[in-house]
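J.: What follows is a structure written as structure tokens; I'll ask about it next.
The values are calculated or read from the model by the stated rules, or taken from the named source; none is laboratory data. These numbers come from a predicted model, not from an experiment. Glycine also receives a Cβ, built like all others from the backbone with ideal geometry; neighbour counts cover every protein chain displayed.
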Amino acid sequence: MAVVTYACRGGGYWLFRQIRPTPAIRGVLDYLPGTLFVSYVVPGLLSGGLQQWLAALATVLAMVATRQFAWAIAAGTATAWVAWYLT
């Protein structure tokens, strides 16, 4: 698994050293991390319950307030733990 994972990751770096994407392709690739994040989060929220929605809300509020990923992740995780404990 580690070799396959490294090959996939390293293969991407190798590929982008071999080719030069156009500015249009680079623009599309700039949006890719955000779309991947949404594709992971939205199905979980739609199939989740109150705990998931509270944790997501706490994460967004912490991110807006602090602009720090670590604090946002900590707030969401802590909120999820508390919500699961209380329900």
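J.: Scan (1) of a type in the set (Gly, Ala, Ser); (2) surrounded by 13 or more Cβ atoms within 10 Å (Cβ to Cβ); (3) at pLDDT 95 or above for the single condition residue 65 breaks and write down its number.
T.: (2)
J.: Show the residue pairs meeting these rules: Cβ distance below 9 Å; 6+ apart or different chains; first residue within segment 61-75 and closer than 17 Å to residue 37 by Cα; second residue among the aromatic types (Phe, Trp, Tyr) and loosely packed, with under 14 Cβ neighbours inside 10 Å.
T.: Pairs that qualify, where the first residue is closer than 17 Å to residue 37 by Cα and the partner is among the aromatic types (Phe, Trp, Tyr) and loosely packed, with under 14 Cβ neighbours inside 10 Å, are 63/69.
J.: Also, I was wondering about something else. Name the residues in segment 56-78 that are touching a helix residue (DSSP H, G or I) at 6+ places or on another chain (Cβ under 6 Å) and over 16 Å from residue 44 (Cα atoms), would you?
T.: Selection gives 62, 63, 71, 72, 75.
J.: Please determine whether any residue of segment 7-19 is exposed (fewer than 11 other Cβ atoms within 10 Å of the Cβ) and at pLDDT 90 or above.
T.: Checked segment 7-19: no residue is exposed (fewer than 11 other Cβ atoms within 10 Å of the Cβ) and at pLDDT 90 or above.
J.: Restricted to segment 16-56, and to residues that are assigned to a helix (DSSP H, G or I) and hydroxyl-bearing (Ser, Thr, Tyr), which residue is farthest from the chain's Cα centre (by Cα)?
T.: To start, the set of residues in segment 16-56 that are assigned to a helix (DSSP H, G or I) comprises 16-18, 23-47, 50-56.
Right, trim to hydroxyl-bearing (Ser, Thr, Tyr) and you get 31, 35, 39-40, 47.
Working: 31: 12, 35: 9, 39: 9, 40: 7, 47: 17 Å.
Among those residues, the one meeting the criterion is 47.
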